[in-house]
Amino acid sequence: MLTCKELAEQASLYLDKDLGFGEQLSVRVHLLMCRHCRRFIHQLRLSQAVIREYPEPLDTQLDELAKQLAERHKQP
Ligand SMILES: [Zn+2]
């Protein structure tokens, strides 16, 4: 079982799908049981999506872009 600290360290690898099967499974199991880390991963994924979609956003635009992405990803 991963600790929250270990999960945080592997989070970006997890989102990039750079983890091995066993490691990925450990992360998923942890996420199933840990609400805090689910939120953490969600936020990280959101910020990565912003970075990928807009390679060089201005700092002042970043908040607005994040809001738009959050709206887009919101479940009905
Ligand atoms: Zn956790």
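The table below gives the values:
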{"item": "Near pairs, Cβ below 7 angstrom, 6+ apart or cross-chain, from segment 4-19 (more than 12 Å from His30 (Cβ to Cβ)) to any residue that is surrounded by fewer than 17 Cβ atoms within 10 Å (Cβ to Cβ) and among the basic types (Lys, Arg)", "result": "Leu15/Arg45"}
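Yes/no per residue for (1) at pLDDT below 85; (2) away from the ligand (no atom under 16 Å from the Cβ); (3) assigned to a loop (DSSP other than H, G, I, E, B):
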| residue | (1), (2), (3) |
| --- | --- |
| Gln10 | no, no, no |
| Leu25 | no, no, no |
| Arg39 | no, no, no |
| Val50 | yes, yes, no |
| Thr60 | yes, yes, no |
| Ala66 | yes, yes, no |
| Leu69 | yes, yes, no |
| Arg72 | yes, yes, no |
| Gln75 | yes, yes, yes |
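The values are calculated or read from the model by the stated rules, or taken from the named source; none is laboratory data. Since the model is a prediction, treat every value here as computed from it, not as a measurement. No Cβ is skipped: glycine too gets one built from the backbone with ideal geometry, and neighbour counts run over all protein chains shown.
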